[in-house]
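Accompanying notes for the structure given below.
The values are calculated or read from the model by the stated rules, or taken from the named source; none is laboratory data. Source: prediction; values computed, not measured. All Cβ positions, glycine included, derive from the backbone under ideal geometry; neighbour counts span all protein chains shown. Areas reflect the complete protein model, heavy atoms only, side chains present, ligands, DNA and RNA absent. Shrake-Rupley method; radii C 1.70, N 1.55, O 1.52, S 1.80 Å.
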Amino acid sequence: MATTMQFDLVSPERALASLQASAVQIPGADGDMTAMPDHAPTITTLRPGVLTVEGPDGTSSYAVTGGFAEISAAGTSVLAEKAIATADITADDMDALIAAAKDAAENAAAENKDAAAKTLADMEALRAALNV
């Protein structure tokens, strides 16, 4: 069994990480999951939350607002709508993300109200988890 796998994290703005990882904790839309080397092939959507990467060089974490993760035996690739290293995120960043989610929830069509409200709740939980 391999001890590490390739991990890549990209957002529309930039590539944030490309490194060897032993585990990636993913805030999946259907629940949190951990991808490890030799994982069964899986694709999942992301909800707002903290994505944590453990590897030989230590642990790093990123706040993600959504996107997709593709997991295979050889690696994990995350395509995030927005991603910020948790060490770099500020209260102003979270204020802007929550304001956008609140606006989306208030202006969502009737059939999308529940999803928009869940996204807003996930953003507020992300703020609490980051303590900013």
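Taking Arg127, Arg14 and ordering them by how much accessible surface each has at a 1.4 Å probe, largest first, produces Arg14, Arg127. Pop out the carbon and sulfur fraction of the accessible area of the chain as a percent, whole number, probe 1.4 Å. C and S fraction of accessible area: 53 percent. For Thr59, project a label point 7 Å along Cα to C-beta. Then give me every residue of region 79-107 with its amide nitrogen under 14 Å of that point. Zone members listed by number: 86-87. Cross-link partners for Lys82 among the lysines, with Cα-Cα distance under 20 Å and sequence neighbours closer than 8 places in the same chain left out: Lys102, Lys118. Annotation for Val132 and Asp114: the two label points, set 7 Å from Cα along the Cα-Cβ direction, are 3.2 nm apart. Computed extension gain for Ala91 through Asp30, at 0.36 nm per residue and net of the alpha carbon distance, reaches 19.2 nm. Between the Cα long axis of helix 91-107 and the first principal axis of the chain there is an angle of about 60°, rounded to the nearest 10. A helix-only calculation puts the chain at -9000 deg cm²/dmol for mean residue ellipticity at 222 nm, using -39500 (n - 2.57) for each DSSP H run of at least four residues, averaged over all residues.
Counting only DSSP beta bridges with both residues in the chain, the antiparallel share comes to about 90 percent. For the chain, averaging the sequence separation of C-alpha pairs within contact (under 8 Å, six or more residues apart) and dividing by the residue count gives a relative contact order of 22 percent.
Taking all Cα pairs closer than 8 Å and separated by 6 or more residues, the relative contact order of region 1-44 comes to 34 percent. Placing a label point 7 Å from the Cα of Ala100 along the Cα-to-Cβ line, the residues of region 68-90 whose backbone N sits under 14 Å from it are 80-85, 90.
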